[in-house]
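Student: Mind looking over this structure? Questions follow.
The values are calculated or read from the model by the stated rules, or taken from the named source; none is laboratory data. Quick caveat: nothing in here was measured; it's all calculated off a predicted structure. Every residue, glycine among them, receives a Cβ derived from its backbone with ideal geometry; neighbour counts consider all protein chains shown.
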Amino acid sequence: MSFSEQISPLLGRWLLAWFFLGDAWSRAGHWSQTLAYMTLKQIPGAPLVLTLVLVVMILGSLGLILGYQTRHAALMLFGYAIAVTLWMHDYWHIADPVARADEFGLFARNIAIAGGLLLLVGMGPGPFAIDNAGGGKKR
């Protein structure tokens, strides 16, 4: 196995985790604004949903960082990414072309991230992961 085949999955997991942890930090740090936006988007039970979202983002990110239960962590973050994309970035309901284009950019970004998470679900964490400790072959 080449060096790039060994290190790329680790770096990819870390970059995806960095994205989700940064987003969780921002949402938690701007709690009131996030709740107001969720309410504007008619998300029922916004405080509970936001709490659950933060838990999913943090636990999923830790799973990716450590390579522990990586496929489950990636699948959990994939579900979150798709749900958020469909509920919060519904560009097809926006009439203003500039705002619509901005929202489409966020929609497309999230779909691409979801695609990366699906790669982890299918391919596994790579060799540098707790999932592979002790000689396990869960790559």
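Student: Considering only residues that are farther than 30 Å from L48 by Cα, assigned to a helix (DSSP H, G or I) and of a type outside the set (D, E), which ones fall in region 1-29?
Tutor: Listed by number, the residues that qualify are F3, S4, Q6, I7, S8, P9, L10, L11, G12.
Student: Pairs needed: first member in region 92-118, among the acidic types (D, E); second member anywhere, surrounded by 14 or more Cβ atoms within 10 Å (Cβ to Cβ); C-beta distance under 6 Å; at least 6 residues apart or different chains.
Tutor: Here the result reads E103/H89; E103/Y91; E103/I94, each pair linking region 92-118 to a residue that is surrounded by 14 or more Cβ atoms within 10 Å (Cβ to Cβ).
Student: Moving to a separate point now. Does T85 satisfy being modelled with pLDDT of 95 or more and touching a helix residue (DSSP H, G or I) at 6+ places or on another chain (Cβ under 7 Å)?
Tutor: Yes.
Student: What tally of residues in region 60-81 results from selecting those that are surrounded by fewer than 16 Cβ atoms within 10 Å (Cβ to Cβ) and either hydrophobic (A, V, I, L, M, F, W, C) or under 9 Å from the mean Cα position of the chain (by Cα) (or both)?
Tutor: 2
Student: I would also like to ask the following. Condition first: within 15 Å of the chain's Cα centre (by Cα) and closer than 24 Å to L35 by Cβ. Can you find one or more residues in region 96-105 that meet it?
Tutor: no
Student: Going by what's in this entry, would Y37 be described as at pLDDT 95 or above and assigned to a loop (DSSP other than H, G, I, E, B)?
Tutor: No, not satisfied.
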